[in-house]
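Bear in mind these aren't lab numbers, they're just calculated from the coordinates by the rules spelled out. Bear in mind that the values here come from a model prediction, so they are computed numbers and not experimental data. In this analysis, Cβ positions are derived from the backbone assuming ideal geometry, glycine residues included, and neighbour counts consider all displayed protein chains.
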Amino acid sequence: MSENTPWDDEVVNTVRKYALQNSLEYDGKGESGSVLGRLLSEREDLRDVARELKGIVDKEVDEANEIAESMGLAHVRVLLEKLAPDALERKKQEKSVGLKDLPGESSEVVLRFAPNPNGPLSLGHSRGVVINSEYAKMYGGKVVLRFDDTDTKVKPPIPEAYSWIEEEFEWISGRSADVVIRASDRMPVYLDYARKMIQGGHGYVCRCKSESFREFRNSKEECPCRNKSIEGNIADWDAMNEGEIEEGGAVVRVKTDMNIPNPALRDWPALRIQHKPHPMVGDRYKVWPLLDFQSAIEDHEQGVTHIIRGKDLMDSTRKQTLLYEHFGWEYPSALYWGRVKVHEYGGFSTSSIRESIDSGAKEGWDDPRLPTIKALQRRGFCSESLREFWIDLGLSQKDISIPLQTLESFNARIIDSKTERRVFVGDPREIKLQGDFPTSNLSLPRHPENPTVGNRCWMVGGPVVIQDGDIGDGVFRLKDFADVKIVDELANIESFEKSDERRKIHWLPLENSRKARLVIPDGDEIDELDGLLEDVDLVIGDVYQLERVGFARLDRFEEDLTAILIWLHG
């Protein structure tokens, strides 16, 4: 046999199973030798062709490791669970689950989650909620929910967003934040520290134009404002706060070494002038801190011990460390994660989402096409799936891109055992059954594996509906009921017992149905499918598993009592 032997599907799937399993166990660094050994232990009949198997084993191992590298171990686990759930039971799998220990002092852990309230939380924000809350739980610590709302121009806060975020934080984490702070309420603290920094000679008011300062910074030269007297700086500082200097006319800079290799760290800006009123505190302040200054001060004030942030904010850590050195403080331990991109959503920019809503392209923050927590809740995702998803992903600095299917897999695993079944028939076609019925009632389980939730009762004997595309050759089995054959527009019942291997379709008695519309998010579009829904104990907000369709949440009833369902996932 040659290396190019066309292996059958059973062999390919067995190799793929062990390749995924091995990659998962060894953090994306699976090895062909180990995979081949496991394969031959299961399939002793392949030992004579072990040499020929090398090509396919190498290929599947490389592909599994590539998936781990580009999409993360969570997606490898999803693929393995779909292909061979039993392969996840190896004890070694448990080592890759959960969060690693925090570095440094951990006797009194204080973490923080600091969103900008310019909209509700997104799927991307939920990572910060989950990771910080989980570490607080692990160490008996606390989480500070801090609203970074000191930007009144580029990302102005939305007053309603404060309560939205507090509610979403609790929904995602299963706990309320230990401390809740609005940076806009803490302005006197930041302004006081800014004055102390200037008086201590560690900061100064710079009145250079931004283009001019950029040239000084890039050439490692000190700008003329840097060596101004403390008295002169305080006078400019007071003028800024009195509104005597226009926006863009001055900034407060933190003094650093102008020879630092990274230009972004050279005399970085700490506070700027903003005359636009703040939606929560009005026009009380004319000078507002930039995020790196405000965040650093508040982390110190709240005793934050560990900061967990994206690796793109490493410069923020370096800037803030220099500020801490000026004040004689010890900087918290910093941990970083890489960027996670979900294929169906792209980025998670709240500003861009807000623009799409303002333009009318999206119907609101809970539009099912959006990656907001409100949208995920509306579709029917459970908070446990978000927690398990992010904890499983952990604190990797790798940038990964994954399909939404990864999160959907976590969600399906959690909700399947408690989700009642219902039937939805899209594009319905009415047929009339003909034959002798042993009963007028058909009792079906609400859940096939959970008898404690009871049964639903259908009235049979009258017209039923099937999906028009299922009519085919007219020979099929109505699931859980009867074998039928279409003759002269009538469906003759041939047997109530399963008599042959004819195809099985879902159906619904007309008497037990109501009009329904299934709303299906499809990327940036919305598809809709009209049909009939099983009308048994329907509750708005509940998620149902629709036969042959997937999970969907009952969103509302329209005025004509049509049920509107939003598709969740398969």
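A few notes on this one:
- Paramagnetic reach from Glu105 in the range 306-326 [backbone N under 13 Å; point 7 Å along Cα→Cβ]: 306
- The mean sequence separation of alpha-carbon pairs under 8 Å and at least six residues apart, normalised by the residue count of the range 9-96, gives a relative contact order of 40 percent.
- For Cα extents along the principal axes in Å, calculated from these coordinates, the label among (1) 86, 63, 39; (2) 64, 56, 49; (3) 101, 69, 43: (3)
- Extending 7 Å from Cα along the Cβ direction at Arg214 and again at Arg413 yields two label points whose distance is 4.9 nm.
- Residues whose amide H falls under 5 Å from that of Ala250, counting only those 5 or more places apart or on a different chain, are Ile273, with hydrogens built in the peptide plane.
- Relative contact order for the chain, counting Cα pairs under 8 Å that sit 6 or more residues apart, in percent: 11
- The chain - mean residue ellipticity at 222 nm from DSSP helices (-39,500 (n - 2.57) per run, n ≥ 4, rounded to 500): -10500 deg cm²/dmol
- Straight-distance crosslink candidates among lysines, where the alpha carbon sits under 28 Å from Lys100 and sequence neighbours closer than 8 are dropped: Lys17, Lys29, Lys82, Lys91, Lys92, Lys137, Lys142, Lys311, Lys319, Lys341, Lys398
- Using the Cβ-Cβ distance between Asp436 and Asp480 with R0 = 22 Å, the FRET efficiency computed as 1/(1 + (r/R0)^6) comes to roughly 0.75.
- Highest mean packing first, where packing is the average number of other Cβ atoms within 10 Å per residue, the peptides 362-371, 103-112 line up as 362-371, 103-112.
- Spin-label pair Asn259/Lys341, simplified geometry with 7 Å Cα→Cβ offset, distance in nm: 4.0
- Asp315-Lys498 pseudo-label distance in nm [points 7 Å out on the Cα-to-Cβ vector]: 6.4
- With respect to the chain, whose longest principal axis is taken over its alpha-carbon atoms, helix 187-199 is tilted by about 40°.
- Between helix 50-71 and the chain: long-axis angle, C-alpha atoms, 0 to 90°, nearest 10: 50
- Our estimate of slack between Leu510 and Trp171, defined as 0.36 nm per intervening residue step minus the Cα-Cα distance, is 118.2 nm.
- Long-range HN-HN contacts of Gly310 with modeled amide H, under 5 Å: Trp337
- The range 278-357: relative contact order in percent, alpha carbon pairs under 8 Å with at least 6 residues between: 31
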